[in-house]
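Undergrad: Submitted below is the structure of interest, expressed as structure tokens.
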Amino acid sequence: MKRRDILKGLTILPLSTGLVSKASAIGLTNTPPTPKKQERDLFKELGVTPVINASVTMTFLSGSLMLPEVLEAINSTSHDFANMYELQDKVGAKIAEMLHVESAMVTSGAACAILLSTAAAITGTDHEKIKLLPNLPGPRPEVIMQKSHRYLFDQAVTTTGAKIIEVEGNDEMDKAFNERTVMALFFNAAGKHSVTHEDFVGIAKKHNIPTLLDAAADVPPVENLFKYQKIGFDLVTFSGGKMIRGPQSAGLLFGRKDLITAARLNHSPNEAPIGRPMKVNKEEMFGMYAALKAYLERDHKKEWQDWLDRAKHIGTQLEAVRSVKTETVVDPGPANAFPSLKVTWDESKIKIKPEQVVAALKNGTPSIVANGGKDHLTVGVVLLRPDQVDIVAGRVKSILQQAV
Ligand SMILES: *Cc1c(COP(=O)(O)O)cnc(C)c1O
């Protein structure tokens, strides 16, 4: 090995030292990898602005930062071919074992999981139906949802040709089942449930119709990965690229074996079905497995404490500015249920509105995405790299100071 190559190899090592040193003083761990010194900067090469995410996981902001374990899985598996049926078998079996369910698969995100679940509920293992979907002859299959659960992602249901039947309350739900009903979908993070989780499962079971629960953004807490199959949902989906920090375009679908088998028949690598355009690649499958494993093995208590420490650390710096008050707030969830820092100030003393701070953060260098309410600024802490904690604190502080 040439000396230059050895040195190149060494630049991988400071991953957990170097840039992290400042933040490690306040005990931050389990963080996404800090960038290595690279010879090639593709952000620069293409003129793409790197963004610091002081908000929550959002698809348009590239979801999450993959864990080092995921990047390692991607890199270490990219050198050999694999049979994708076998890979999905083996990865699915491991994930099912980890989540205490019969069966599991990696999908291209939770939205794909909703589509594949619906497709599975419609076709079962009938190859003729799988080939025809979404153009099955006859009346449209029906999926039952609570009125208050209608949301943007239910388009993934109707993409299969199914129609959504809205219900409110147990009685209406019970009466909505007929020979066209194929599935009942529960949006876990909906603002209101007119039918409880338990009743929803109970009523659907009485009619022998499978249930799917969409919990895409609903970890932490980690317990949620086990909670809903215990209640009795036949299928559950989580995004891979949110707080589980797997590949952004991966997701988990797990539950009943017959339904996962049917969902897989509707998916790539099969050539014709409706899910074929929603391919998951080999590295993403290994990566999703590695992400889930790392997520389950993590010290969640410690991670939570780290988030609180971050918020406090930023808050202390900001409160040095006249009239600034900060408070650590925890979103009640079930989506995005983690701490962030709420920042308020006296606008007669600091003459800037929260939305103007948000704009200044976004338009500055580096670009920082935070959220503003009418009377407060929210600084998210859970998606920051360790070295970004002080950058964010410093930038917010200087913007507020300049407005004094
Ligand atoms: C993010 C999200 C989805 C979509 O998940 P992807 O993994 O991005 O496909 C679906 N449902 C809910 C409630 C979500 O929050």
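The values are calculated or read from the model by the stated rules, or taken from the named source; none is laboratory data. For clarity, every value in this text was computed on a predicted model and none was experimentally measured. Reconstructed Cβ throughout: ideal geometry from the backbone, glycine too, with neighbour counts over all protein chains shown.
Undergrad: Just checking, how many residues over the stretch 230-245 are more than 20 Å from ALA291 (Cα to Cα) and among the polar types (S, T, N, Q)?
TA: Residues flagged as more than 20 Å from ALA291 (Cα to Cα) and among the polar types (S, T, N, Q) within the stretch 230-245 amount to 0.
Undergrad: Condition first: modelled with pLDDT of 95 or more and closer than 24 Å to THR59 by Cβ. Can you find one or more residues in the stretch 299-307 that meet it? Can you show your working first?
TA: If we filter the stretch 299-307 for residues that are modelled with pLDDT of 95 or more, which is where we start, we get 299-307.
With the extra rule that they be closer than 24 Å to THR59 by Cβ, the set shrinks to 303, 307.
Yes, there is a match, as at least one residue in the stretch 299-307 is modelled with pLDDT of 95 or more and closer than 24 Å to THR59 by Cβ.
Undergrad: Would you please name the residue that is nearest to VAL56 (Cα to Cα), looking only at residues in the stretch 215-235 that are of a type in the set (Gly, Ala, Ser) and either within 16 Å of the ligand (Cβ to nearest atom) or under 21 Å from the mean Cα position of the chain (by Cα) (or both)?
TA: The first filter runs over the stretch 215-235 and keeps only residues of a type in the set (Gly, Ala, Ser), leaving 215-217, 232.
Now restrict to residues that are either within 16 Å of the ligand (Cβ to nearest atom) or under 21 Å from the mean Cα position of the chain (by Cα) (or both): 215-217.
Working: ALA215: 16, ALA216: 13, ALA217: 10 Å.
Checking each candidate, the answer is ALA217.
Undergrad: Checking VAL392 against (1) touching a residue at least 12 places away in the same chain (Cβ under 8 Å); (2) farther than 25 Å from LEU67 by Cα; (3) among the aliphatic types (A, V, I, L, M), only one condition comes out false. Which one?
TA: Only one criterion in (1) touching a residue at least 12 places away in the same chain (Cβ under 8 Å); (2) farther than 25 Å from LEU67 by Cα; (3) among the aliphatic types (A, V, I, L, M) is unmet by VAL392, namely (2).
Undergrad: Evaluate the following for ALA119: is it within 16 Å of the ligand (Cβ to nearest atom), small (Gly, Ala, Ser), surrounded by fewer than 24 Cβ atoms within 10 Å (Cβ to Cβ) and not in a loop (DSSP other than H, G, I, E, B)? Before you say what the answer is, go through the steps one by one.
TA: On the way: within 16 Å of the ligand (Cβ to nearest atom): yes; small (Gly, Ala, Ser): yes; surrounded by fewer than 24 Cβ atoms within 10 Å (Cβ to Cβ): no; not in a loop (DSSP other than H, G, I, E, B): yes.
So ALA119 does not fit the description; no.
Undergrad: Something else: Among the residues of the stretch 99-112, count how many are assigned to a helix (DSSP H, G or I) and either within 16 Å of the ligand (Cβ to nearest atom) or over 19 Å from the mean Cα position of the chain (by Cα) (or both). Outline the logic, then answer.
TA: Filtering the stretch 99-112 for residues assigned to a helix (DSSP H, G or I) gives 99, 109-112.
From what is left, the residues that are either within 16 Å of the ligand (Cβ to nearest atom) or over 19 Å from the mean Cα position of the chain (by Cα) (or both) are 109-112.
Total meeting the criteria: 4.
Undergrad: Now for a separate question. Please name all residue pairs, on different chains or six or more residues apart, with Cβ atoms under 6 Å, provided the first residue is in the stretch 41-60 and is on the phi < 0 side of the Ramachandran plot and the second residue is of a type in the set (A, V, I, L, M, F, W, C) and within 16 Å of the ligand (Cβ to nearest atom).
TA: Short answer, once both residue conditions are applied: ASN53/LEU61; ASN53/LEU383.
This table checks each residue for (1) in the same structural domain as LEU225 (by TED's automatic domain parsing); (2) within 16 Å of the ligand (Cβ to nearest atom); (3) within 22 Å of the chain's Cα centre (by Cα); (4) not in a loop (DSSP other than H, G, I, E, B).
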| site | (1), (2), (3), (4) |
| --- | --- |
| SER55 | no, yes, yes, no |
| PHE60 | no, yes, yes, yes |
| ALA73 | yes, no, yes, yes |
| HIS79 | yes, no, no, no |
| LEU87 | yes, no, no, yes |
| GLY92 | yes, no, yes, yes |
| GLU97 | yes, no, yes, yes |
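Undergrad: For THR326, work out the one condition from (1) crowded, with 19+ Cβ neighbours inside 10 Å; (2) in the same structural domain as GLY373 (by TED's automatic domain parsing); (3) assigned to a helix (DSSP H, G or I) it doesn't fulfil.
TA: Failing condition for THR326: (3).
Undergrad: Conditions first: (1) exposed (fewer than 13 other Cβ atoms within 10 Å of the Cβ); (2) within 22 Å of the chain's Cα centre (by Cα); (3) among the β-branched types (Val, Ile, Thr). VAL369 passes all but one, so which condition is the exception?
TA: Evaluating VAL369 over (1) exposed (fewer than 13 other Cβ atoms within 10 Å of the Cβ); (2) within 22 Å of the chain's Cα centre (by Cα); (3) among the β-branched types (Val, Ile, Thr) leaves (1) as the failure.
Undergrad: Is it the case that some residue within the stretch 300-314 is farther than 19 Å from VAL392 by Cα and within 16 Å of the ligand (Cβ to nearest atom)?
TA: No, the stretch 300-314 contains no residue that is farther than 19 Å from VAL392 by Cα and within 16 Å of the ligand (Cβ to nearest atom).
Undergrad: Could you identify the single residue in LEU42, LEU13, LEU61 that is modelled with pLDDT under 50 and farther than 28 Å from ALA263 by Cβ?
TA: On the way: LEU42 fails: modelled with pLDDT under 50; LEU61 fails: modelled with pLDDT under 50.
That would be LEU13, the only listed residue that is modelled with pLDDT under 50 and farther than 28 Å from ALA263 by Cβ.
Undergrad: Yes or no: the stretch 259-270 includes at least one residue that is in a loop (DSSP other than H, G, I, E, B) and either of a type in the set (D, E, K, R) or under 30 Å from GLY373 (Cβ atoms) (or both). Steps first, answer last, please.
TA: First, the residues of the stretch 259-270 that are in a loop (DSSP other than H, G, I, E, B): 266, 268-270.
Narrowing further to those that are either of a type in the set (D, E, K, R) or under 30 Å from GLY373 (Cβ atoms) (or both): none.
There is no residue in the stretch 259-270 that is in a loop (DSSP other than H, G, I, E, B) and either of a type in the set (D, E, K, R) or under 30 Å from GLY373 (Cβ atoms) (or both).
Undergrad: Among the residues that make up the stretch 295-316, is at least one of them among the aliphatic types (A, V, I, L, M) and in contact with a Phe, Trp or Tyr (Cβ under 8 Å, 6 or more places away or on another chain)?
TA: Of all residues in the stretch 295-316, those among the aliphatic types (A, V, I, L, M) come to 296, 308, 311, 314.
Still in the running and in contact with a Phe, Trp or Tyr (Cβ under 8 Å, 6 or more places away or on another chain): none.
Checked the stretch 295-316: no residue is among the aliphatic types (A, V, I, L, M) and in contact with a Phe, Trp or Tyr (Cβ under 8 Å, 6 or more places away or on another chain).
Undergrad: If you don't mind, another one. Is one or more of the residues making up the stretch 381-401 in contact with a helix residue (DSSP H, G or I) (Cβ under 7 Å, 6 or more places away or on another chain), over 18 Å from ASN53 (Cβ atoms) and not hydrophobic (A, V, I, L, M, F, W, C)?
TA: yes
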